[in-house]
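Peer 1: First, the structure itself, so that you have it in front of you.
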Amino acid sequence: YTDEAVELRKSGILLPIMIMNPEPSSFDLLVEYQLEPVVYSMALLEQLGQYLEKQGVLHYPLHVELETGMNRLGFHESVILELIGILKKSCFKVQSVFSHLVASENPAFNSFTLQQSYLFDKLTQQLVSHLPYSFLRHLANTAAISQHPELQYDIVRLGIGLYGAEEGNPHLKQAS
């Protein structure tokens, strides 16, 4: 959340900080503390774009969440061309594009996981072909790091694996 990230900045953390749940009321703080929001809906993206344009901000770093099957948050395939049009505005600079795997830990869902990765590839390739700069891609969560190493792309999200928690993974030990 933005307020947590502001505390990190005030404590001297200078690394990029991704804000998973940005709210329009926090846009001032995002810019002031150089925080990088995740955009996952057209409404949020348009509100952020309007705010940045009014402030005269150019090339603001953000992260784009794609909907590939979790059916929670993210841009659906049906709006990808509209999304590209908005992202091409000079106020935005995409840092990364990602999605969430539904059941990468369960071998019974391997075909669905691969279906998600296929859609992720398809959508990110459209973004790559239309944006004049590169960005990072990430899809693999803790389970996918070991279960589906082919889905590691540019970076991975270890998540709960930081605590050693993932059933059936012999490479992780429970943190004490």
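The values are calculated or read from the model by the stated rules, or taken from the named source; none is laboratory data. Keep in mind it's a predicted model, so treat the numbers as computed, not measured. Glycine gets a Cβ as well: all are built from the backbone with ideal geometry, and neighbour counts include every protein chain shown. These area figures cover heavy atoms from the full protein model, side chains too; ligands, DNA and RNA do not enter into them. Shrake-Rupley method; radii C 1.70, N 1.55, O 1.52, S 1.80 Å.
Peer 1: Within the group Ser96, Ser104, which residue is within 20 Å of Asn21 (Cα to Cα) and not in a helix (DSSP H, G or I)?
Peer 2: Details: Ser104 fails: within 20 Å of Asn21 (Cα to Cα).
Only one candidate qualifies: Ser96.
Peer 1: A further question on this structure: What about Glu77, is it farther than 23 Å from Ile17 by Cα, among the charged types (D, E, K, R) and in contact with a strand residue (DSSP E or B) (Cβ under 9 Å, 6 or more places away or on another chain)?
Peer 2: Details: farther than 23 Å from Ile17 by Cα: yes; among the charged types (D, E, K, R): yes; in contact with a strand residue (DSSP E or B) (Cβ under 9 Å, 6 or more places away or on another chain): yes.
When the stated conditions are applied, Glu77 passes them.
Peer 1: Next up: What is the number of the single condition among (1) at positive phi; (2) open to solvent by less than 50 Å² (accessible area, probe 1.4 Å) that His59 does not meet?
Peer 2: Looking at each condition in turn, His59 falls short on (2).
Peer 1: Restricting to region 124-145, count the residues that are assigned to a strand (DSSP E or B) and over 19 Å from Gly69 (Cα atoms). Show your work before the answer.
Peer 2: Within region 124-145, the subset assigned to a strand (DSSP E or B) is 136-138.
Still in the list and also over 19 Å from Gly69 (Cα atoms): 136.
Residues flagged as assigned to a strand (DSSP E or B) and over 19 Å from Gly69 (Cα atoms) within region 124-145 amount to 1.
Peer 1: For region 44-56, what are the residues that are surrounded by 14 or more Cβ atoms within 10 Å (Cβ to Cβ) and over 17 Å from the mean Cα position of the chain (by Cα)?
Peer 2: Initial filter on region 44-56 (surrounded by 14 or more Cβ atoms within 10 Å (Cβ to Cβ)): 44-45, 47-49, 51-52.
Matches in region 44-56: Gln47, Gly49, Tyr51, Leu52.
Residue-by-condition table, conditions (1) in contact with a Ser or Thr (Cβ under 8 Å, 6 or more places away or on another chain); (2) free of Cβ contacts under 8 Å to residues at least 24 places away in the same chain; (3) open to solvent by 70 Å² or more (accessible area, probe 1.4 Å); (4) of a type outside the set (Asp, Glu):
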{"position": "Thr2", "(1), (2), (3), (4)": "yes, no, no, yes"}
{"position": "Ile17", "(1), (2), (3), (4)": "no, yes, no, yes"}
{"position": "Met20", "(1), (2), (3), (4)": "no, yes, yes, yes"}
{"position": "Glu23", "(1), (2), (3), (4)": "yes, yes, yes, no"}
{"position": "Ser26", "(1), (2), (3), (4)": "yes, no, no, yes"}
{"position": "Met42", "(1), (2), (3), (4)": "no, no, no, yes"}
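Peer 1: Also, I was wondering about something else. Being over 26 Å from Ser11 (Cβ atoms), modelled with pLDDT of 95 or more, open to solvent by less than 10 Å² (accessible area, probe 1.4 Å) and of a type outside the set (Gly, Ala, Ser) is the requirement here; does Leu35 meet it?
Peer 2: Numbers: over 26 Å from Ser11 (Cβ atoms): no; modelled with pLDDT of 95 or more: yes; open to solvent by less than 10 Å² (accessible area, probe 1.4 Å): yes; of a type outside the set (Gly, Ala, Ser): yes.
Here the answer is no, as Leu35 does not meet what is asked.
Peer 1: Can you report the number of residues in region 65-77 which are part of a loop (DSSP other than H, G, I, E, B) and surrounded by fewer than 17 Cβ atoms within 10 Å (Cβ to Cβ)?
Peer 2: First pass over region 65-77, keeping only residues part of a loop (DSSP other than H, G, I, E, B): 67-74, 76.
If we keep only those that are surrounded by fewer than 17 Cβ atoms within 10 Å (Cβ to Cβ) as well, we get 70-72, 76.
Of the residues in that region, 4 qualify.
Peer 1: Tally up the residues in region 99-127 that are open to solvent by 70 Å² or more (accessible area, probe 1.4 Å) and free of Cβ contacts under 8 Å to residues at least 40 places away in the same chain, please. Show your work before the answer.
Peer 2: Kept after step one, since they are open to solvent by 70 Å² or more (accessible area, probe 1.4 Å), are these residues of region 99-127: 105, 107-109, 111, 114-115, 118, 122, 125.
Filter once more, keeping what is free of Cβ contacts under 8 Å to residues at least 40 places away in the same chain: 108-109, 111, 114, 118, 125.
Residues that pass the stated criteria total 6.
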